[in-house]
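Scroll down for the structure; my scribbles are underneath it.
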Amino acid sequence: MDNTRHDEYVQRCNDSILGTYKRFPAVLTHGRGSYVYDVNNKQYLDFASGIAVTSLGHAHPEITATIEAQAKKMLHCSSLYYNIPQIELAEKLVSLSGPGKIFFCNSGAEANESLIKLARSYGQKVGRYHIITMNKSFHGRTMAGISATGQDKIKNGFQPLLEGFTHVPFNDLKAIENACTEKTVAVMIEGIQGEGGIIPAEAAYLTGLRKFCTDNNILLLIDAVQCGFFRSGSFQSYQEILSGESASTVNNANFNSSDFIPDGIAMAKSLGGGVPIGASWIRDTFTDYLPAGSHGSTYGGNPLVCAVASKIIEIIERDKLQDAIRESGTYLQRSLAALSGPFPEIISGARGLGLLQGAVLKELKRPAQYESLTPAAYLCLKALEEGLLLVPAGETVIRFLPQFQVTRNEIDEGIRIFEKVLNIVSEELRD
Ligand SMILES: *Cc1c(COP(=O)(O)O)cnc(C)c1O
């Protein structure tokens, strides 16, 4: 294949764009549904979805029509004024989340930032500002985001960080109790750790944490940027976790999953399906802690992105995609887990909820030319070569994040390609 145009774009990218990203070698130009195409018109099955963003795939006709219609009316007016798409989306997000209000911004990091500012404001009068977050968590790349993130590789080189963050092991209530001091004002967790390797919170952990936070007057904040917005099957992953089989492990037999309400939820990624939008939901009890003038965002909640997000919710509800997400997710997880049979030296299992699934890898050796890559990145690169887009999560987990309308045939195709990759890699390991 003539790779001249590809090579030229890579060169121009390297010459003009800051090298903050390690990129996979594909120059993507367009997509349709679950597929994307590169500058050589090579087709890829997209199970990366722009890292859990393109929730309804690419070039969805209704999304395209919504964007076109809104662009003809107004793209932006700032929150100096009222705009109707913003109001309508906020009402919808409140109805899905619980009594409270919405703050709009443009990204996941900013959504978390608003929750961190909420916690600061809430604790201000009594001098409480410490926030407990989890080891292996990921909360974004702003200074507050990397301070909250429980991974050294994200923080290193940027000290001094924002004061007051403590990290403890995930799914360990005792660790939170032990880390809590008179200065603690909030606990922040992901419902399912994404970058940390697709690790869902346990039901008993969630309910125990809710009780602990209430008893100690501490805010319970959920970073749902990756695991939220229906990707788990439910609107929020904690709803899915607490309503599923795992709910039987909840200590209190009379527990009703609607009893679990966090104090703040950060959303982004799938919410916009590809247009940049972030939002946080803040529980009614705490909305006064971010009053007029305390926080803001120029683009936040602009009519274009809000119209798109509302349309996505409308489609999800109309087409009953929550059931489809659960069914596709279960099927995908079973298919991935089954690969540990023929490839025990590479795959140790699969985990996740809905269409946030991870294939868990063994610490496999890589051929010399790939040694600088993690095992997950090595397999993702091989998958890309075979026409399948996947995303590493940490060093030894590979994320499968299909769009919500993925078909059974597309999942089968993805598994077939991944199996081929595992065969290729097995060969390379043997050499
Ligand atoms: C992606 C992500 C973020 C950061 O979102 P950005 O839109 O990149 O700022 C924060 N938290 C979690 C859990 C994420 O997965």
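The values are calculated or read from the model by the stated rules, or taken from the named source; none is laboratory data. Note that the structure is predicted; figures quoted are calculated from it, not measured. Heads up, the Cβs are rebuilt from the backbone with ideal geometry, glycines too, and the neighbour counts pull from every protein chain shown.
Brief remarks follow.
- Matching residues, region 63-105, being within 23 Å of Ile265 (Cβ to Cβ), among the acidic types (Asp, Glu) and either touching a Gly at 6+ places or on another chain (Cβ under 6 Å) or free of Cβ contacts under 8 Å to residues at least 12 places away in the same chain (or both): Glu91
- Subset of region 102-126 that is farther than 25 Å from Phe229 by Cβ, modelled with pLDDT of 95 or more and surrounded by fewer than 21 Cβ atoms within 10 Å (Cβ to Cβ) - its residue that is farthest from the ligand (Cβ to nearest atom): Gln124
- Conditions (1) at pLDDT 95 or above; (2) among the polar types (S, T, N, Q); (3) more than 16 Å from the ligand (Cβ to nearest atom): number failed by Gln236: (3)
- Candidate set: region 175-201, residues that are away from the ligand (no atom under 16 Å from the Cβ) and buried (at least 22 other Cβ atoms within 10 Å of the Cβ); chosen: the one farthest from Ile131 (Cα to Cα): Ile176
- Selection within region 269-288: residues that are away from the ligand (no atom under 14 Å from the Cβ) and surrounded by 19 or more Cβ atoms within 10 Å (Cβ to Cβ). The member of this set that is nearest to the chain's Cα centre (by Cα) is Trp281.
- Pairs linking a residue in region 260-278 that is in contact (Cβ under 8 Å) with a residue 24 or more places away in the chain to a residue that is aromatic (Phe, Trp, Tyr) and assigned to a strand (DSSP E or B), with Cβ atoms under 6 Å and 6 or more positions apart or on different chains, are Ile265/Trp281.
- Qualifying residue in region 137-148 (condition: under 22 Å from Ser310 (Cα atoms), within 11 Å of the ligand (Cβ to nearest atom) and small (Gly, Ala, Ser)): no
- Remark: pairs (first residue in region 206-225, farther than 24 Å from Gly196 by Cα; second residue more than 16 Å from the ligand (Cβ to nearest atom) and not in a helix (DSSP H, G or I); Cβ separation under 6 Å; 6+ apart in sequence or on different chains) = Ile218/Thr184.
- The set of residues in region 239-268 that are within 21 Å of Lys117 (Cα to Cα) and either modelled with pLDDT under 95 or within 16 Å of the ligand (Cβ to nearest atom) (or both) comprises Pro262, Gly264, Ile265, Ala266, Met267, Ala268.
- Odd one out for Ala26 among (1) away from the ligand (no atom under 16 Å from the Cβ); (2) touching a residue at least 60 places away in the same chain (Cβ under 8 Å); (3) farther than 30 Å from Gln11 by Cβ: (3)
- Residues (within 17 Å of Thr149 (Cα to Cα) and of a type outside the set (D, E, K, R)) located in region 202-224: Leu220, Leu221, Ile222, Ala224
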